[in-house]
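Working notes, beginning with the structure itself.
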């Protein structure tokens with residue numbers, strides 16, 4: 001019994017000691033683990049990050065919101081601090097940049113040890129992560145920066161290709177016959193659409209009508225490479241030149257009495273065949289060569305000319321008659337050159353080969369050539385006037401073909417430069433040339449050759465129309 005009692009006392013002592021120890025532990029400071037950054041957005045070393053994105057850092061536990069601020073969460077572009085707004089929610093720190101970030105640059109984000117948990121425990125060390133931005137997305141809509149013709153243009157050529165230039169490169173598949181339109185009133189004009197670089201073109205299937213207002217339209221179906229459409233349809237109007245009325249013929253007056261009329265010389269390599277009268281003024285008969293002239297008072301004859309030959313030094317009234325004829329030739333040149341508002345400008349950039357030329361006024365500011373046959377098509381009373389600032393040439397064997405009743409007497413070629421008709425070529429119309437006209441071997445001509453210098457022939461057939 002004594003032994004058992006002592007054992008009970010020992011047990012009480014032990015329990016008392018344990019209780020005392022427990023009380024001492026309650027008086028000591030609690031101990032917690034430091035918080036950590038578990039995830040970031042963007043990831044460390046991420047590439048091609050949106051310039052408009054936000055930066056976040058998630059923590060392993062709830063943080064003290066007051067410790068998540070602009071001094072503990074920073075973003076740097078090189079040595080420059082990026083401004084932004086810092087917020088905290090659901091164990092996540094959020095950095096929202098004030099402006100879009102720079103494109104294709106490296107940025108470094110830092111969470112410092114000033115960031116603390118809700119239990120006031122700080123990060124053990126600064127947390128640093130970096131990322132590289134990409135290019136900013138294209139959200140800017142394209143624009144039509146200019147057009148040809150300009151809006152409200154007048155006197156536009158009837159062979160005009162309609163053009164629209166964009167502010168940036170477009171998706172070519174969106175530039176088509178449903179997004180690029182040309183209208184005459186409510187009627188759509190047929191044509192083909194093409195796109196290259198930043199330029200769209202509409203080429204009418206037929207020449208436009210004279211003196212008519214057209215409307216060109218680019219719709220919002222046209223999109224840039226990023227898929228941005230035009231904000232609104234682009235429309236512009238223009239009015240064609242020419243006239244719906246018949247073009248007046250050039251009045252040759254007394255010059256029409258001659259098939260060949262020149263001022264300085266007429267030379268010929270026999271044997272030519274000329275039908276119609278030939279005249280030279282103010283130069284003398286001695287400046288006519290190769291025709292074997294037989295003088296008969298106020299004129300001469302030649303076996304190569306079915307008609308008469310005149311020169312300024314022949315008997316009266318020839319000198320006066322020829323002075324008037326030359327003056328009328330120059331007046332006809334000025335009339336043709338001065339006709340306004342052409343129907344067609346720079347057609348074919350001066351290459352007539354293979355083309356069909358409708359009645360009207362044509363204008364070129366450079367050389368015109370025909371490397372192959374071409375056609376002049378129209379009725380017997382229709383008129384064609386060709387204004388050429390440079391030279392005119394037909395290649396060897398190239399031919400002008402008349403169609404539909406067109407007549408050479410109603411076709412006028414006003415040429416500021418020289419004219420050359422290639423060997424065995426065939427020409428139709430009245431040439432009114434400011435310089436010289438040359439017909440190479442075997443070339444034929446149905447029309448008139450008026451030159452303010454010389455006409456040169458070489459075994460040719462020339463017939464008045």
* **Number of the condition not met by residue 421 [criteria: (1) farther than 30 Å from residue 240 by Cα; (2) over 36 Å from the mean Cα position of the chain (by Cα)]** => (2)
* Asked: Could we say that residue 113 is out of contact with any strand residue (DSSP E or B) (no Cβ under 7 Å at 6 or more places or on another chain), part of a loop (DSSP other than H, G, I, E, B) and without any contact (Cβ under 8 Å) to a residue 60 or more places away in the chain here?
  -> no
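How many residues does the range 138-176 hold that are outside any loop (DSSP other than H, G, I, E, B) and in contact (Cβ under 8 Å) with a residue 12 or more places away in the chain? It would help to see each step written out before you state the result.
Step one: list which residues in the range 138-176 are outside any loop (DSSP other than H, G, I, E, B), which gives 144-148, 153-156, 162-166, 170, 172-174.
Subsequent filtering for residues that are in contact (Cβ under 8 Å) with a residue 12 or more places away in the chain retains 144-148, 153-156, 162-166, 170, 172, 174.
The qualifying residues number 17.
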* To do: Could you run through the range 438-454 and say how many residues are buried (at least 24 other Cβ atoms within 10 Å of the Cβ), more than 15 Å from residue 255 (Cα to Cα) and either touching a helix residue (DSSP H, G or I) at 6+ places or on another chain (Cβ under 9 Å) or in contact (Cβ under 8 Å) with a residue 24 or more places away in the chain (or both)?
  => 2
* Would you kindly identify the strands (runs of 3 or more DSSP E) lying entirely within the range 37-91 that contain at least 2 residues that are within 29 Å of residue 119 (Cα to Cα) and at pLDDT 95 or above? => 37-41, 55-59, 73-77, 84-89
* Name the residues in the range 230-249 that are touching a residue at least 60 places away in the same chain (Cβ under 8 Å), in a loop (DSSP other than H, G, I, E, B) and under 23 Å from residue 363 (Cβ atoms), would you? -> 241, 242, 243, 246, 247, 248, 249
* To do: Output the number of residues of the range 177-187 satisfying the condition of being surrounded by fewer than 18 Cβ atoms within 10 Å (Cβ to Cβ) and touching a residue at least 40 places away in the same chain (Cβ under 8 Å).
  => 1
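Among the residues of the range 92-104, which ones are loosely packed, with under 15 Cβ neighbours inside 10 Å and either in a loop (DSSP other than H, G, I, E, B) or at pLDDT below 95 (or both)?
Pass one, the range 92-104, residues loosely packed, with under 15 Cβ neighbours inside 10 Å: 96, 98-100, 103-104.
Once the filter is applied, which keeps residues that are loosely packed, with under 15 Cβ neighbours inside 10 Å and either in a loop (DSSP other than H, G, I, E, B) or at pLDDT below 95 (or both), the range 92-104 yields 98, 99, 100, 103, 104.
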* Asked: From the set of residues in the range 188-229 that are touching a helix residue (DSSP H, G or I) at 6+ places or on another chain (Cβ under 7 Å) and not in a loop (DSSP other than H, G, I, E, B), which is surrounded by the most Cβ atoms within 10 Å (Cβ to Cβ)?
  -> 195
* To do: Working only within the range 278-305, note down all residues that are under 54 Å from the mean Cα position of the chain (by Cα) and in a strand (DSSP E or B).
  => 278, 279, 280, 288, 289, 305
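Go through 271, 275, 243 for me and flag whichever is more than 21 Å from the chain's Cα centre (by Cα) and at pLDDT below 95. Give the derivation first.
Values: 271 fails: at pLDDT below 95; 275 fails: at pLDDT below 95.
Of the residues listed, the single one that is more than 21 Å from the chain's Cα centre (by Cα) and at pLDDT below 95 is 243.
For the range 327-351: of the residues being assigned to a loop (DSSP other than H, G, I, E, B) and under 23 Å from the mean Cα position of the chain (by Cα), which is farthest from residue 417 (Cα to Cα)? Write out each step before concluding.
Pass one, the range 327-351, residues assigned to a loop (DSSP other than H, G, I, E, B): 338-343, 346.
Now narrow it down to the ones that are under 23 Å from the mean Cα position of the chain (by Cα): 342-343, 346.
Working: 342: 20, 343: 22, 346: 16 Å.
By that ranking, first place goes to 343.
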* Asked: Take the residues of the range 119-152 that are modelled with pLDDT under 95 and within 29 Å of the chain's Cα centre (by Cα): which is farthest from residue 63 (Cα to Cα)?
  -> 140
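The values are calculated or read from the model by the stated rules, or taken from the named source; none is laboratory data. For clarity, every value in this text was computed on a predicted model and none was experimentally measured. Glycine gets a Cβ as well: all are built from the backbone with ideal geometry, and neighbour counts include every protein chain shown.
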